[in-house]
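*Asks:* What follows is a single structure, and I will ask about it in a moment.
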Amino acid sequence: MNIIVLIKQVPDTETKVRITADKRGIETNDIKWVINPYDEFAIEEGLKTKERLKEGLVSVVTVGPDRTVEALRTAVAMGADNAIHVKTESVLDTYLVAKALAEVCKKENANIIFTGKQAIDDDQAATFGYVAELLQFPSASVVVKCDISPDKSKATVEQEGDGGAKNVIETSLPAVLAVNKGINTPRYASLPGIMKAKKKEIKTYTLTDLGLGAENSKTIDSDYQLPPERAAGKKLQGDASAQAKELVRLLREEAKVI
Amino acid sequence: MGNVFVIAEQKDGHVKRVSLEILSELTRQGVAATAVVPGFGDLSKVTDNLVNHGAAKVVVLEHEALNQYNTEAYTNALHQYLSSQNPSVIVTGATSHGKDFLPRLAAKFTTGIAVDCTSFQLSGDKVSVRRPVYAGKCSKQVEFSGAPAIFSVRPNVLAVQTGSKSGSVEKVAANPGTVKAKIVSTVASQIKKVELTEADIIISGGRSLKSADNFKILADCAATVGAAVGASRAAVDAGYAPHDMQVGQTGKTVSPKLYIACGISGAIQHLAGMRTSKVIVAINKDPEAPIFQKADYGIVGDLFEVVPLLTEELKKLKSQS
Amino acid sequence: MLNFSLSDEQLALRDMVRKFVQQEIIPNAAKYDETSEFPREVINKAWEAGLMNIAIPEKFGGLGLGVLGDVIINEEMGAGCLGMTTSIAVNTLGLYPILLGGTDAQIEEFVVPFLSSPKLASFCLTEPGSGSDAGSLSTMAREEGDHFVINGSKMWITNAGHADLFTVFCSTNKELKTKGIICLAVPANLPGISLGKHENKLGQRCSDTRSITFENVKVPKSNLIGKMGEGFKIAMRTLDRTRTPIAAGAVGAARAAMNYSKNYAKERKQFGQPIANFQAIQFMLADMAVKIETARLLCYNAAWLIDNGQDEQGGYFSALAKRHSADMAMEVATDAVQIYGGYGYTKEYPVEKIMRDVKLVQIYEGTSQIQRVVIARHLLKD
């Protein structure tokens, strides 16, 4: 069984965001790069799937510049069998990343594809569905449980719905499953794993290798902006009833937190 | 601006508010749009509502299989219809359904996609959107090359405006295509205690609550918005709340979207535990309480009076969504 | 050529340990300190993550991580909790005598089992009457046919209450002084071994520290590690390798103390401004930084020397590292409490624990005074 895990290397959550002079992105020189936290759950689910089925190979794939190989090595240190790097210096949009990942999944004869529900830098939460449609595989996101049938032809998953409800979804395989926190507890990359991963051979593709040499992103980013400065606090006026009404209005319309 | 389509979401004859928000914004921008609604059965209340909020035309994609939401059925039906309409723009709400099918729809069109936008601008032939990134630490403008431009809009950001318009309503037989994944059952949420460190909204009480029983006032308020209840160290030390509810230096550190501090003075130890909350509200009888320095919104008043009123207002708000 | 950067592998190692510490050690540190309960669960998790027994050579299935790797791991763990660090790291101390002085067969028998389950080993040198004067052992081992019979007692033995194996240093002939000392591998379940109670300590409270009494404990002669009279040398060679990682633990603890007090100083306001604006506080923080950076450099230098086979220079630098790291960590932790003021004096804040924990580093693994003796001896040699 070929278990593919799509991962992304992102800036650490504690990163202080500084916008570049041309406002087309954020400064990356001092950034601490980590595996997208949601993709860690995906790697763990891939590893657990192999352990439960007692067969299969787990391959991790990522798209990005050379520094992203570190993310692949960490996944291998956790126990992944193979690592595949789609090497590119440019920042690709959802469309082009999905195309590249789909091509790799085809080459790897994917039987099941795991990924995190979203990347915490771009927050699109769309790659899973885009890849699935390109491959004509069914998909589900916000998955918190995955059980594969003994004959490996289908999976029964639990999806977090609105208001805390859970949907039970049955899907044929192959499928793309985007996982959420709570599905498992990712294991540590063990020390012996880290040592072994250093020597692991990484399979590398360029976009040209994947037949995508002539492709470009279909969305263009610009004008990055920081949110407006936190205004000084305001004390609400009127009697308790008026204050309560006004507070709710402000929280919804101004602060937009409810 | 070519053909603009809003994929409207409905459930049991009730239109999701975000669909109306999008139509309202299009009206404000002087853009005529067609609302597309996958569904089955009598949807007249839905179509009326959409027309009233600015849809120049409403197209119901009708099929029994579209009665309940299904990823592939919706994607296939929408694509089958929309691909015959030469769309320039396809937009929907960034709800759990929107986030589920829109990427697949974009893949069918092999176009770019922008998710969870907080604003959009359609002028002339140009489409541009703005969306938050890096967990909201900044935002960026996104433009599209090629058509259609496909994006989703964050709920509760754009204002809704009614205006009785006239718009036509049409029913089209839809084709849900092959479906390989199906929801087989749904388990309603059990009232689970929301974990403090994971909660989006927290309501905390201080020593002024005066008893453990009084914390129920906060619990009732919390229940309206699925919030967690926290407590200051003073309240915990006095026995009004258990230690696992303590927010602060020696309790839990939290970072919710909204933190409502009731009867909490705002000593540095408590602040250390909730300082990074996105929005802080303080309700306190003492106008000099240090917490007002940190709060975005403050109510000088008796929490026993204010909080129940707040609960009522929140209940009202919830029923409107 | 001089290179001050860590390799990718070393950085990956550091990041992995840092993550482990964030998730497993820091959230539990205060609790274990309060109850002085043995952190068995954390130790097991550390073992699963491959953080223990890192010195076992690759040919036996271990990592063969040198002193520098050990230093990186210990600094990160020290920043979380020194008590747990000691509990996790002390296996290396307990097993090194066998790795350095034992035959391959003995390593297979006594050490390799530590790779298949989270066993614990204790290094037994110190006695009630023999601390800095490590050569003056009173625990005797007399030969009886195929066995050695051990009588005596050891003191301040870490993990004694939970160990599966003791490496015990005994004298066979007091008149030979250090040349009469041997090293024996002693399974902890042998009859005649009794344990004292877990000491109620000022700091590193979760670390299990006990006395051990040996009454006619019979150990096969095949458990002799190294030759007759080689024991003291084995002990010293072991300590040469563990001294620097212990020092690194203190560097980590000091770093944590500095970071806590720096953040507090930015928030605490007096006289209308954060106390971080006052030079008195700034100078304390600046001096903390100088101390920590220099201590770390000494640790790295010592580790590099030992890993590159320069035992004598390595021994000298590890004494420098230990003496400086332990003493500066105590100064840094004390100043951290000072910056926190009254709040720092309570258990509600993390710095008083660091101060209590770090005091022990000035005492164990060679007191700061003994380190000075070693350093001076080295300097005055030529």
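Throughout, read-outs are computed from the coordinates displayed, never taken from laboratory work. All values derive from a computational prediction rather than experimental measurement. Backbone-built Cβ (ideal geometry, glycine too); neighbour counts: all protein chains shown.
*Asks:* Between C:Tyr345, C:Tyr32, C:Tyr96, which gets the highest mean-square fluctuation from a Gaussian network model of chain C, Cα cutoff 10 Å?
*Replies:* Looking only at C:Tyr345, C:Tyr32, C:Tyr96, the biggest GNM fluctuation is shown by C:Tyr345.
*Asks:* 222 nm [θ] for the protein assembly as shown, helices only, -39500 (n - 2.57) per DSSP H run of 4+, per residue, to 500?
*Replies:* -11500 deg cm²/dmol
*Asks:* Which of the trypsin sites (Lys or Arg not before Pro) found in the range A:169-231 are loop residues per DSSP with 14 or fewer other Cβ atoms within 10 Å of their Cβ?
*Replies:* For trypsin sites (Lys or Arg not before Pro) across the range A:169-231 that sit outside H, G, I, E and B with at most 14 neighbouring Cβ atoms in 10 Å, the list reads A:Lys199, A:Arg230.
*Asks:* With labels modelled as points extended 7 Å from the Cα through the Cβ direction, what inter-label distance (nm, one decimal) is found for A:Leu53 paired with B:Ser185?
*Replies:* Placing both labels 7 Å beyond Cα along the Cβ direction yields 2.5 nm.
*Asks:* Please give the direction-averaged projected area of the C-alpha convex hull for chain C, in square nanometres with one decimal.
*Replies:* Average projection, Cα convex hull of chain C: 19.9 nm².
*Asks:* Can you give the alpha-carbon Rg of the range C:289-339 over 2.2 N^0.38 Å, where N counts its residues?
*Replies:* 1.29
*Asks:* Which angle from 0 to 90°, rounded to the nearest 10, does the C-alpha axis of helix B:96-109 make with the longest principal axis of chain B?
*Replies:* 30
*Asks:* Same structure again: Take the range A:1-115, drop everything but the C-alpha atoms, weight them equally and run the Debye formula without solvent; then report log10 I(q)/I(0) at 0.14, 0.18, 0.24 Å⁻¹ to two decimals.
*Replies:* Taking Cα atoms of the range A:1-115 as identical point scatterers yields -0.58, -0.90, -1.40.
*Asks:* Considering Cα pairs under 8 angstrom that are at least six residues apart, work out the relative contact order of chain B and quote it in whole percent.
*Replies:* 15
*Asks:* Here's something else I'd like to know. Compute and list, largest first, the equivalent-ellipsoid semi-axes of the range B:3-173 from the alpha carbon gyration tensor, each √(5λ) rounded to a whole angstrom.
*Replies:* The three semi-axes for the range B:3-173 are 23, 18, 15 Å.
*Asks:* If you build the convex hull over the alpha carbons only and average its shadow over all orientations, what do you get for the range C:121-228? Give it in nm² to one decimal.
*Replies:* 6.6
*Asks:* Using only the Cα atoms of the range C:8-115, what are the Rg and Dmax in Å?
*Replies:* Every Cα atom of the range C:8-115 included, Rg and Dmax give 14.2, 43 Å.
*Asks:* Spin-label point model (7 Å from Cα, Cβ direction): what's the A:Arg18 to C:Asn44 distance in nm?
*Replies:* Going by the 7 Å Cα→Cβ label model, 4.6 nm.
*Asks:* Moving to a separate point now. Over all distinct Cα pairs, what is the inverse of the mean 1/r for chain A, reported as the Kirkwood hydrodynamic radius in Å?
*Replies:* 20.1
*Asks:* Points 7 angstrom from Cα along the Cβ direction at B:Ala238 and C:Val290: gap in nanometres?
*Replies:* My value for the distance between the label points is 4.9 nm.
*Asks:* What FRET efficiency comes out for C:His378 versus C:Ser136 if R0 is 25 angstrom and r is the Cβ-Cβ distance? Round to the nearest 0.05.
*Replies:* The computed FRET efficiency comes out at 0.65.
*Asks:* Exposure proxy check: C:Ser194, B:Ser277 ranked by fewest other beta carbons within 10 Å?
*Replies:* C:Ser194, B:Ser277
*Asks:* What translational D, rounded to a whole number of µm²/s, comes out for the range C:235-382 from Stokes-Einstein when the hydrodynamic radius is the Kirkwood one over Cα pairs, at 10 °C and 1.306 mPa s?
*Replies:* Result for D is 100 µm²/s.
*Asks:* As a footprinting exposure proxy, order C:His198, B:His14, B:His53 by other Cβ within 10 Å, with the fewest listed first.
*Replies:* So the ranking, lowest neighbour count to highest, is B:His14, C:His198, B:His53.
*Asks:* How many percent of Cα pairs in chain B exceed 31 Å?
*Replies:* That tail contains 45 percent of the Cα-Cα pairs.
*Asks:* Quick check of the Kirkwood formula: for the range C:150-292, what is the inverse mean of 1/r over all pairs of different Cα atoms, in Å?
*Replies:* The Cα-based Kirkwood calculation yields 18.9 Å.
*Asks:* Rounded to the nearest 0.05, what FRET efficiency is calculated for B:Ala223 and B:Ser168 with R0 set to 45 Å and r the Cβ-Cβ distance?
*Replies:* 0.55
*Asks:* To continue, here is another question. Which trypsin sites (Lys or Arg not before Pro) in the range C:199-262 pass both tests, a DSSP loop state and at most 16 other beta-carbon atoms within 10 Å?
*Replies:* Counting only loop positions with at most 16 other Cβ atoms within 10 Å, the trypsin sites (Lys or Arg not before Pro) in the range C:199-262 are C:Lys227.
*Asks:* With N denoting the number of residues in the range B:142-232, provide Rg(C-alpha) divided by 2.2 N^0.38 Å, to two decimal places.
*Replies:* 1.88
*Asks:* Here's another thing I want to ask about it. Please compute, over every Cα-Cα pair in the range A:104-176, the percentage with a separation greater than 20 angstrom.
*Replies:* More than 20 Å apart: 32 percent of the Cα pairs in the range A:104-176.
*Asks:* So, one more: With equal scatterers on the alpha carbons only and no solvent term, can you work out the Debye log10 of I(q)/I(0) for the range B:212-316 at 0.18 1/Å?
*Replies:* Values, matching the q order: -0.85.
*Asks:* Going through the cross-link list A:Lys23/A:Lys256; A:Lys107/A:Lys145; A:Lys8/A:Lys32; C:Lys227/C:Lys322, which pairs have a Cα-Cα distance over 19 Å in this structure?
*Replies:* Over 19 Å Cα-Cα: A:Lys23/A:Lys256; A:Lys107/A:Lys145; C:Lys227/C:Lys322.
*Asks:* To continue, here is another question. On the principal axes of its Cα set, how long, how wide and how thick is the protein assembly as shown? Give whole Å, largest value first.
*Replies:* The Cα atoms of the protein assembly as shown stretch 111, 67, 51 Å along their principal axes.
*Asks:* Give the percent of DSSP beta bridges with both residues in the protein assembly as shown that are antiparallel, rounded to the nearest 5.
*Replies:* If I count the DSSP bridges inside the protein assembly as shown, around 45 percent turn out antiparallel.
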